[in-house]
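To start, the structure under review is shown below, and the notes come after it.
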Amino acid sequence: MTGVVLFDAVRSPRTKGRPGGALSSLLPHELVGQLVEALRARTSDEALDAVDAFHLSCVGQIGAQGGNLALVSKLEAGLPDTCATRTINNYCVGGITALASAVGSVAAGQHELVLAGGVEMMSRVAFLADEASLYTDPAVAETFRWAPVGVAADHLAVREGIGRDELDALALESHRRAAAAWDDGHYARQVVPIRTADGDVVDRDETIQRGFSPEKLAGLDPVFEAMGRAQYDRVVAGDDEPVDHRHTIAHCPPIADGAALLLVGTADAGARLGLTPLARIDAVTEAGGDAVTQLDAGDRAMTRALARTGTSLGDMDLIEYMESFAAVPARFHRTHDVDAARVNPNGGHLAMGHPMGATGAILTTALAHELARTDGRRGIAVATGGSGTGAAVVLSR
């Protein structure tokens, strides 16, 4: 047990991560600032003025997301001058990495109250826009066998024998559950309406599709075949093992804008500031994995978190499992004997999108609020990212 309490968790709607997306008029720090404003309204000025540190995840740390985005967001949000800041990049799992950093600082006695979370405005900073040598310099990429994670997802589907019908079914169910959850008000407590630069209010996820059908999905073409054939099939599979490309655009989480924040600290600080605990953080773990096959580290982090809490997946009332590509949750369901109704009951990333640095915090937010809504006792959130990154968090009530 960490001895650290989660007091509240909020996220923005997730919107299309391109110019014209519903949140694209905002700068990243402005989006984060509105979430801090919402937390201030939900708690108190005294509580937010007592925040000791702010740990923020963001992948594309250039342009509008450069300049130590946690610090810029702190200034935007009016957090105290004494609040320390840290901007983190751990790819798609960084939102949980930021939480792990916050939990560690609280558990070590360095801080009493910390904000953690993530943001990604992919309408402002595109995927791979930092042009790192890892994926732009052919010599470096070849040395470390870098390949796009979508090609690795196709290779995973081949290795596990996961066919198009199974991938299509997962995508359809994600959209169906997400649409139903919104209609039934399940996101009302956790999603904060956001004001755009034009004064409009965005209060719902933008990428959920209500018109998908098995026939429509069956007609889509694989999206990673050209890049795989040109170069990367050989990287992930070697010269003798062909890759049958299966993931279509419907099997990939939409590129999205979004943010999420978590307020954590000691029980004593919460009592002093009048904060009501939302959940207890029993464990938060990170793990690495094979940088070429890429998509196994989330499960490794999940195994560590369960071991540290002396629990199993069967003990979890709720599992928020990142739909990084459809093959990843497909393998999870094949590997683990769990009730599918307890996994992503309100839809997942395939429907609602993937603002990269925010994803881990979004999963944790969904877990905490759904446990509260359903009076669940314990749950786990699991995130998997590119180049073998993984993280997990166990919450209890």
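Scanning region 254-311 for residues that are assigned to a helix (DSSP H, G or I), over 24 Å from ARG377 (Cβ atoms) and either under 17 Å from the mean Cα position of the chain (by Cα) or at pLDDT below 95 (or both) returns ALA297, ARG300.
Counting residues in region 213-228 that are touching a Ser or Thr at 6+ places or on another chain (Cβ under 7 Å), closer than 25 Å to THR384 by Cα, without any contact (Cβ under 8 Å) to a residue 40 or more places away in the chain and loosely packed, with under 15 Cβ neighbours inside 10 Å gives one or more.
The test for being under 21 Å from ASN344 (Cβ atoms) and among the hydroxyl-bearing types (Ser, Thr, Tyr) holds for THR248. Pairs linking a residue in region 136-161 that is without any contact (Cβ under 8 Å) to a residue 60 or more places away in the chain to a residue that is surrounded by fewer than 19 Cβ atoms within 10 Å (Cβ to Cβ), with Cβ atoms under 6 Å and 6 or more positions apart or on different chains, are VAL140/SER133; VAL140/LEU134; ALA141/TYR135.
Looking across region 213-242 at every residue that is assigned to a loop (DSSP other than H, G, I, E, B) and at pLDDT 90 or above, the one that is farthest from VAL114 (Cα to Cα) is identified as GLY219.
Taking each residue of region 188-199 that is without any contact (Cβ under 8 Å) to a residue 60 or more places away in the chain and surrounded by fewer than 12 Cβ atoms within 10 Å (Cβ to Cβ) and looking for partners that are part of a loop (DSSP other than H, G, I, E, B) and not hydrophobic (A, V, I, L, M, F, W, C) with beta-carbon atoms closer than 6 Å, six or more apart or interchain, yields nothing. Taking the criterion of being more than 17 Å from ALA392 (Cα to Cα), hydrophobic (A, V, I, L, M, F, W, C) and touching a helix residue (DSSP H, G or I) at 6+ places or on another chain (Cβ under 8 Å), the residues of region 83-120 that qualify are CYS83, LEU113, VAL114, LEU115, VAL119.
From the list ASP8, ASP49, ASP81, the one residue that fits, being surrounded by fewer than 18 Cβ atoms within 10 Å (Cβ to Cβ) and under 26 Å from ARG189 (Cα atoms), is ASP49.
The values are calculated or read from the model by the stated rules, or taken from the named source; none is laboratory data. Just so we're clear, the structure is a prediction, and the values are computed from it rather than from any experiment. Every residue, glycine among them, receives a Cβ derived from its backbone with ideal geometry; neighbour counts consider all protein chains shown.
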